[in-house]
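Trainee: Sharing a structure below in structure tokens format, with a few things to ask.
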Amino acid sequence: MGQYSLMRNRDTLEKELIESAQNGDRQAFDLLVERYQFKIIKLVNRYVRDPVEAMDIAQESFIKAYRAIGKFRGDSAFYTWLYRIAINTAKNHVMNVSRKIIETDVELLDLEQTLTKANFRDYTAPENVLQDNEIRAVIFDVIQKLPKELRTAIMLRELEGLSYEEIATIMTCPIGTVRSRIFRAREAIEKKVKPYLREG
């Protein structure tokens, strides 16, 4: 890594990498790509099922970021800025090919477990295991039918673990709007899933 010592504070290192990239240092930008590549690909994978397609979109996102990095002023975290570029690139791709946004089974299971632990009784007891696939299918269907803004907000919150502030920056809307979108998404999911959960 040369001058970019691993001993440096992570935030300080990232700031130096960004400044170097803004001054035309391609190696510095490549190191930023290495740091966030997996997260960006994972994010894009929620918009397209094909892994090769997801890689292409992620690569396109990084190219856009490289071309625009001179405009990055640090008003938000770098990864928040990068997420916004990736989401917009993925949305444009989906719109261009007229495809619906879908999530992978693993990601849906993660979301299902997160929402269940937060809002419902534990349904993972042995007697309830047979319900898992049915519940997963219900959640998949609900998320697919959510308006684009609600779908993006709930994914960033529950799957990426981002704060309301970060989501507001990515979606370029007030925090209050983010809270409302996440609440409405959770409400829609809870309404459909609750009948499948045991009472008592």
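Trainee: Can you flag which of Lys42/Lys194; Lys15/Lys42; Lys148/Lys192; Lys64/Lys91 are past 22 Å Cα-Cα? All intermediate terms of the calculation are to be shown ahead of the outcome.
Mentor: Numbers: Lys42/Lys194 29 Å; Lys15/Lys42 24 Å; Lys148/Lys192 18 Å; Lys64/Lys91 14 Å.
Violating the 22 Å Cα-Cα cut-off are Lys42/Lys194; Lys15/Lys42.
Trainee: Of all accessible surface on segment 126-197 at a 1.4 Å probe, what whole percent is carbon and sulfur?
Mentor: Numbers: 1900 of 3710 Å².
Ligands and nucleic acids excluded, carbon and sulfur give 51 percent.
Trainee: Looking at segment 126-197, what % of the alpha carbon pairs are farther apart than 19 Å?
Mentor: On the way: 973 of 2556 pairs.
The answer is 38 percent, as a whole percent.
Trainee: Put Phe140, Phe72 in order of accessible area, largest first, 1.4 Å probe: what do you get? Walk me through the numbers on the way to the answer.
Mentor: Working: Phe140 50, Phe72 25 Å².
These residues rank, largest area first, as Phe140, Phe72.
Trainee: Above 17 Å lies some portion of the pair distances; for segment 7-102, what is it as a whole percent of all C-alpha pairs?
Mentor: Working: 2229 of 4560 pairs.
Of all Cα-Cα pairs in segment 7-102, 49 percent lie more than 17 Å apart.
Trainee: Right, another one. Just reorder Asp11, Asp50, Asp25, Asp75 by solvent-accessible area, largest first, 1.4 Å probe, all chains present.
Mentor: Numbers: Asp11 115, Asp50 70, Asp25 40, Asp75 150 Å².
Most to least solvent-accessible, the answer reads Asp75, Asp11, Asp50, Asp25.
Trainee: Could you check how much of the accessible area of segment 7-102 is carbon and sulfur, as a whole percent, using a 1.4 Å probe?
Mentor: Answer for segment 7-102 is 48 percent, counting heavy atoms of protein chains only.
The values are calculated or read from the model by the stated rules, or taken from the named source; none is laboratory data. This structure is a prediction, so every number in the text was calculated from the model and none was measured. Surface accessibility is based on the protein's heavy atoms, side chains included, excluding ligands, DNA and RNA. Shrake-Rupley method; radii C 1.70, N 1.55, O 1.52, S 1.80 Å.
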